[in-house]
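The values are calculated or read from the model by the stated rules, or taken from the named source; none is laboratory data. All figures in this text were calculated on a predicted structure; none of them were measured in a lab. Ideal geometry is used to build each Cβ from the backbone, glycine not excepted, and the neighbour counts take in all protein chains shown.
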Amino acid sequence: MIFGLIAVLTLSVLAGVVLGIRYWRLKQFVALLADDLRSQVEHKQPLDIAEVPERGVPLYLAIKSLIRQIPTNIGRDALTGLPNRQWFKRAITPLMPVTNGTMVMLDIDRFRFVNDLFGFSAGDKLLQGYAARLRQSTPQPRFVARMDGDEFLLFYEQQLTLADLEALQQQLQLPYEIDKTPIGIKVKVGYLQLQQHHADTSLMLKRVDLALKKARDDRRGIAAYESGDDSVHLREMQIIHSLPKALQHNQLYVVYQPKESLHTGKCEQVEALIRWEHPQLGVVSPAEFIPLAECAGMIHLVTHWVMDKVLQQQQQWRAQGVNIRVAVNLAGSDFEQDVVACISHKLQQYQLTGDAIALEITEGVLIANMSGTCEKLQQLRQMGIEVAIDDFGTGHSSLAYLKDLPVDEIKIDKAFVDDLLVDRRAQRIVLTTIEMAHHLGFRVTVEGVENSRQRELLKRMGADLLQGMLFSNPMRGAELAYHGDTLQLNCMPLAQSL
């Protein structure tokens, strides 16, 4: 009994020793493997297989095979060979805080059109040539990195002047010969002077990105980060973040801008306009929040909300005997959705027919996808919905596409009306546009009419509808319904209605 117990204890001790040895050898193998991995990454000098324990050789060889499949250009952009965003962050961290120099963010304006027109292969070759120019540019940047897509970042240890940046822009914009075809581009330049903006890498990148955003809207295509841009960015972020909640809690509302028919003297159509009274920011203009909603991918939420409010109001007006058509603005991204099915469903939901609404779209929306957009517009018109081109004359006006457009109305932009009484060229443009539109079978609305002299001149020119502050301020639905009951929606000039 005692001998058996001693034997068991002895075997247990021996097993523990064996396990301890194996554990030590496994630990040693893992350490050696880690050293090998580190040496490959840093020096590309593999460990001698003779140093690997015999039983670990199969595992070692299997791991080595997997390692060979790992890309060797981690931290590098495969297309251009430039460092990427992660590499740049690691490289600049040891230099912080940066107390001198300039950070520059670049992008190619409308680069996707290069891919669309010439193909992705040509786009790739252009980016490679672009990267080569960046490497050879003067003054020489300390770091060049491809951040994302067609965005590139340059870090200079010296402060660049505006002349330096203009020279860089001009050099990058020289035509690129791709497959024997010269391709010209426009480059946007955002820059950050680092003397006062060296807090941390993330903040620097955020601020130079804000500068690039400004450059995209700048005529020269060059813009600097300035103090106060952060507050603008914070306001924009606050607007974007609070928009879904605002729609949910009806912080937004719809007003209606009447259109006067010069043939009947009455208002037979109104345009729905959205308004927002933010609890913290106060009145937020649609000119500010609509583009932000488009950039954030939330414009469809706004469109759905407006469409619901308009159709609800139409139900009330129809019940009161008010027969009026309401125009609703659509964004380009609305046509990326199934806009026909959506509008058809909403009309059925509110038990209304297509003559309850009209749709207004800009020329840019048409040009972006001419065939697809026109097909959807044709389907909408077959439902009884009218279609108008908004802000006509300020975008890509072209006789080549006008003759084939499935639209009912052209709206001449306010920009042509402002100088109508004093500029003969503006008069000729408006008159020619009205005559051309009538020959093509389109109705013409003129926006921004503010005085009776403009009204009389446009009436002589043959305009069909006028819209502007001369007749009425935009009104809430309840106010318009009241006017509809007592005035039959007559659009009387404000001076006559007082």
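Brief remarks follow.
- Restricting segment 415-454 to residues that are touching a residue at least 40 places away in the same chain (Cβ under 8 Å) and part of a helix (DSSP H, G or I) leaves a set whose member that is farthest from P474 (Cα to Cα) is T433.
- Only a single item in (1) within 20 Å of F88 (Cβ to Cβ); (2) at pLDDT below 90; (3) part of a helix (DSSP H, G or I) is not met by V114, and it is number (1).
- Answer residue from segment 216-273, given it is in a loop (DSSP other than H, G, I, E, B) and in contact with a helix residue (DSSP H, G or I) (Cβ under 7 Å, 6 or more places away or on another chain) and is modelled with the highest pLDDT among those: G221
- Meets criteria (at negative phi, assigned to a helix (DSSP H, G or I) and among the polar types (S, T, N, Q)) for Q313: yes
A quick yes/no check of all residues on (1) assigned by TED's automatic domain parsing to the domain that holds M105; (2) loosely packed, with under 12 Cβ neighbours inside 10 Å; (3) in contact (Cβ under 8 Å) with a residue 12 or more places away in the chain; (4) in a strand (DSSP E or B):
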| site | (1), (2), (3), (4) |
| --- | --- |
| V144 | yes, no, yes, yes |
| Q159 | yes, no, yes, no |
| A163 | yes, yes, no, no |
| L168 | yes, no, yes, no |
| L172 | yes, no, yes, no |
| I185 | yes, no, yes, no |
| L192 | yes, no, yes, yes |
| V208 | yes, no, yes, no |
| A211 | yes, no, yes, no |
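- Residue count, segment 73-101 (criterion: assigned by TED's automatic domain parsing to the domain that holds L154 and more than 16 Å from M147 (Cβ to Cβ)): 9
- Pair list, Cβ under 8 Å, 6 or more apart: segment 346-360 residue farther than 13 Å from L380 by Cβ, other residue of a type in the set (A, V, I, L, M, F, W, C): Q349/L311; Y350/L311; L352/L311
- Qualifying residues in segment 395-409 (those that are assigned to a loop (DSSP other than H, G, I, E, B) and not hydroxyl-bearing (S, T, Y)) - the one modelled with the highest pLDDT: D408
- Subset of segment 216-242 (residues that are under 16 Å from the mean Cα position of the chain (by Cα) and touching a residue at least 40 places away in the same chain (Cβ under 8 Å)): R216, E236, I239, I240
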